[in-house]
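Undergrad: Questions regarding the structure given below will be posed in turn.
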Amino acid sequence: MLGLQKKDASLLLLVFALTMLAPFILNPFPEGSGWAQFNAGYPDLMQRFVIFGIFAIGFNILFGLTGYLSFGHAAFLGVGSYSAVWMFKLLSMNVIPAIALAVITSGLFALLIGFISLRRSGIYFSILTLAFAQMSFALAYSVLTPITGGETGLQLALDDPRILDSVSAAAGGNIPVPSLFGIEMRDSSEWSVGSWVFTFNNGYYFAAFIMLCSFYLSIRIFRSPFGLMLRAVKSNQQRLNYTGLNTRPYTLAAFVISGMYAGLAGGLMAAMDPLAGAERMFWTASGEVVLMTILGGVGTLIGPVLGAGMIKYMENILSKINSDILHTWFAFLPDGLEDFIVTIIYPFIGKGWHLTLGLLFMMVVIFLPGGLVEGGQKIAKLFKRGKKDDDGAKAADATTPAE
Amino acid sequence: MDAILLQILNGLDKGSAYALIALGLTLIFGTLGVVNFAHGALFMIGAFCAVTVSRILTVSRTIIDDTQKDFLGNPLKVEVPYVHDWFGQATGDVIIDWAVPLSIFFAIPVMICVGVIMERGLIKHFYHRPHADQILVTFGLAIVLQEIIKFYYGANPIPTPAPSAFTGSFDFGAMFGFEPNTIIYPYWRLVYFAFAAVIIGAVFAFLQFTTFGMVVRAGMADRETVGLLGINIDKRFTIMFGLAAAVAGLAGVMYTPINSPNYHMGMDFLVLSFVVVVVGGMGSLPGAVLAGFLLGILESFASMRQVIEIIPGINQVIIYLVAIIILLTRPRGLMGRKGVMEE
């Protein structure tokens, strides 16, 4: 199907089903129940799942395939956001040109930075990308204020030209919202069944569609001769050089592709909420995508998406839990024990969710270099082997009496 | 002339901090070959050692002073620090005033412990993993450390003043025959620079003139051979890690009066210190120190008004720009050894 192997096709189908049914899957608990705070099926968070999924998929094409660890990927995200907002200001509120420009500018930006940074590898490459990203951040904050809006960020205004949009659209006195040929991104329809409320957001489905496309593209890249070449760069670049191959064009292509993915994510972010700020380019934002990719499983297809979903879920759900909620959970325990357990758990939730994230991340790097995906595979293997061992034991039992 | 001197002086304190952190980073990289992204967190822990000491010193009991009345006419409640009880009023006040320099004695053992635990507990298992893995795991460790600090000390910066003898500024230029009031320099920054110079000198002397330092230098050059000679080089490298942590921690302790410590100060310094290390040359101790001061002074020159008028925004990017140029033109950094991490 679509030129994919059977295994990849079923993976794509699975992701397709999961993203399309996400409003149901992420809303398993009825409104008003104590568990409703674990519902992640609201538009804002679902959009972030898919957008950061795209960002992480792109990062994985660079880091997962070539092994070049970039610590400055957020710069491309920021550039994408800025260019998308500029498109909204100047041309039209339609998201298509905005996203197209976001991808193109971030691609060009990545070409420039990649051309310079890829002259070095290893730790130097990380430092170079970090330096470039920090430079872009500092410039966006200070000198480039006319283009980037500086500290306040780039926002839409009523008197923006928007040459393609009809004048009457802006005459209402409201700042228009991003739309896809009239379908407003922020609109959602709701469907309530019993005490469940499911929200279907236009923006989410648009972003999810793009995510599926980019996921498909990344599968094709992973399985292509180009992808094999990138893997060869990761495993032994020197050997490739000895065989007379110049690896630079391949790594540069991977860098640009992954920069374009980041720009696409940035553009989508702006399409969901039309403003852009320099803090999106700060190096901690670059660190976040590294965390996502590693946590999910670097070099795997589905891993980065899982990691992105997991971190965004923790950021939005785990951080909401406070000590009162904890007390209601453990209310069934005797008072002293309840207080004790709450004191132990408290540092890891609420505002301290970063601590949980950091610990989890360290665990993954130390014990599971393949991330959650490897963890899943190991568990699956354990079950399979358990069965096999049983068979083997039976066979052994059967043979012993005969001896 | 005086303007130039002023900028050099301004660059010195930041340069000292860069140099100290970069020195520790290089010590770790040169000995263990580990790229330590948690080094900024060590700097931050050092700063919070100072906060802890000043808090411990001001632990106090409340007494009701009948001789004084508050504005409602009730007896005034007065907080009396325990140090007053132990050492008397005057000495107690001096001790509290000198909390930051005193924390040095607290910070050294704490930082060495933290460093040794870190190396034995975590870094040890990453010697044979790729550099990317080392970066990642120490990055995770940095997050964990700073979140722990945030949990106990809160997210806001905690002002920690310098001893009152060193607060304020003085007319530095007048001492050297310049016009009065042209070069005004805060006392504490000069103290910081002197302190950094002493620490750097001590580290170099330790490596150069002691047997221990000689063995460590031999281990840096060829670890395997030193091991074959029957020397337990791992143990010495662990101690060097503790020492590097102590250097970073001391840099943090003394930096608290310049910049109130908060939990992410380490990360802010870390990025710059890595740039410093790379500019100086991976694994070269003099290079790290030189590059630290050089970049600190360059940064302060770039923030001169006259320079900003010519190239706007240069003060924000000068360090990164220099790093990029150095990395592309002189891959092993200013003073890097040939062949060390030149790829």
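Undergrad: Could you work out the helix-only [θ] at 222 nm for chain B, with each DSSP H run of four or more residues adding -39,500 (n - 2.57) and the total divided by the number of residues, to the nearest 500 deg cm²/dmol?
TA: Computed mean residue ellipticity for chain B: -22500 deg cm²/dmol.
Undergrad: While we're on this one: Which shape class, rounded, prolate or oblate, goes with chain A when its Cα gyration tensor gives a ≥ b ≥ c as root eigenvalues, a/c under 1.5 marks rounded, and past that a/b bigger than b/c marks prolate?
TA: oblate
Undergrad: First check a/c for chain B, with a ≥ b ≥ c the square roots of the eigenvalues of its C-alpha gyration tensor; if it is under 1.5, answer rounded, and if not, answer prolate when a/b is larger than b/c or oblate otherwise. Intermediate values should be presented prior to the final figure.
TA: Working: a/c = 2.04, a/b = 1.34, b/c = 1.52.
It comes out oblate by the Cα gyration axes.
Undergrad: Obtain the nm distance between the two label points defined at A:Leu11 and B:Ile4 by a simple spin-label model: each point lies 7 Å from its Cα along the Cα-to-C-beta direction.
TA: 6.2
Undergrad: Using the Kyte-Doolittle scale, which helices in chain A average at least 1.6 and also have C-alpha atoms spread 27 Å or more along the helix axis, with helices defined as whole DSSP H runs? Don't skip to the answer; put the middle values down first.
TA: Numbers: long enough: A:43-66 (34 Å, 1.37); A:95-117 (32 Å, 2.36); A:122-141 (29 Å, 1.46); A:202-223 (32 Å, 1.00); A:248-272 (36 Å, 1.10); A:371-399 (41 Å, -0.81).
Those that clear 27 Å and a mean of 1.6 are A:95-117.
Undergrad: What does DSSP give for the protein assembly as shown in terms of the percent of beta bridges that are antiparallel, rounded to the nearest 5?
TA: Just about 95 percent of them are antiparallel.
Undergrad: Expressed as an acute angle from 0 to 90° and rounded to the nearest 10, what is the orientation of the C-alpha long axis of helix B:314-329 relative to the principal long axis of chain B?
TA: Tilt of helix B:314-329: around 20 degrees.
Undergrad: Set the Förster distance to 22 Å, then compute FRET efficiency between B:Lys124 and B:Phe209 from the Cβ-Cβ distance, nearest 0.05.
TA: 0.15
Undergrad: Describe numerically, in nm with one decimal, the distance between label points set 7 Å from Cα along Cα→Cβ at B:Leu321 and at A:Phe367.
TA: Taking the two extended label points, one gets 4.9 nm.
Undergrad: Name the shape class, rounded, prolate or oblate, that the alpha-carbon gyration tensor gives for the protein assembly as shown, where a ≥ b ≥ c are the square roots of its eigenvalues, rounded holds for a/c under 1.5, and otherwise prolate holds if a/b is larger than b/c and oblate otherwise.
TA: Cα axes put the protein assembly as shown in the rounded bin.
Undergrad: Continuing with the same structure: Given contacts defined as C-alpha pairs under 8 Å and at least six residues apart, what's the relative contact order of chain B, whole-number percent? Display every interim value, and only then the final one.
TA: On the way: 544 pairs, mean separation 115.5, N = 343.
RCO, chain B: 34 percent.
Undergrad: Helix B:211-221 versus the longest principal axis of chain B: what angle, 0 to 90°, nearest 10, using Cα atoms?
TA: Rounded to the nearest ten degrees, it is 50.
Undergrad: Here's another thing I want to ask about it. Expressed as a whole number of Å, what is the distance separating the alpha-carbon centroids of region A:323-388 and region A:182-217?
TA: Each part reduced to its Cα centre gives a spacing of 30 Å.
Undergrad: Let me ask you something else. Scale the Cα Rg of region A:252-331 by the rule-of-thumb value 2.2 N^0.38 Å and send over the ratio, two decimals.
TA: That ratio works out to 1.40.
Undergrad: Only Cα pairs within less than 10 Å get springs; with that Gaussian network setup on chain A, which residue of A:Ser188, A:Ser136, A:Ser92 has the largest fluctuation?
TA: A:Ser188
Undergrad: Using a Cα distance threshold of under 30 Å, what count of lysine pairs results for chain A when pairs must be 8 or more residues apart or interchain?
TA: Taking the Cα cut-off of 30 Å, the pair count is 27.
Undergrad: Between B:Phe269, B:Phe71, B:Phe126, find the one with the highest GNM mean-square fluctuation for chain B; connect C-alpha pairs within less than 10 Å.
TA: B:Phe71
Undergrad: At a Förster distance of 45 Å, what's the computed FRET efficiency of A:Phe383 paired with B:Cys113, Cβ-Cβ distance as r, to 0.05?
TA: 0.55
Undergrad: Among B:Ser60, B:Ser284, B:Ser16, determine the one that fluctuates most according to a GNM of chain B built with springs between C-alpha atoms less than 10 Å apart.
TA: B:Ser60
Coordinate-derived values only; no laboratory data. From a predicted model like this one, the values you see are computed outputs, not experimental measurements. Quick reminder, even Gly has a Cβ in these numbers, built from the backbone with ideal geometry, and neighbours come from all protein chains shown.
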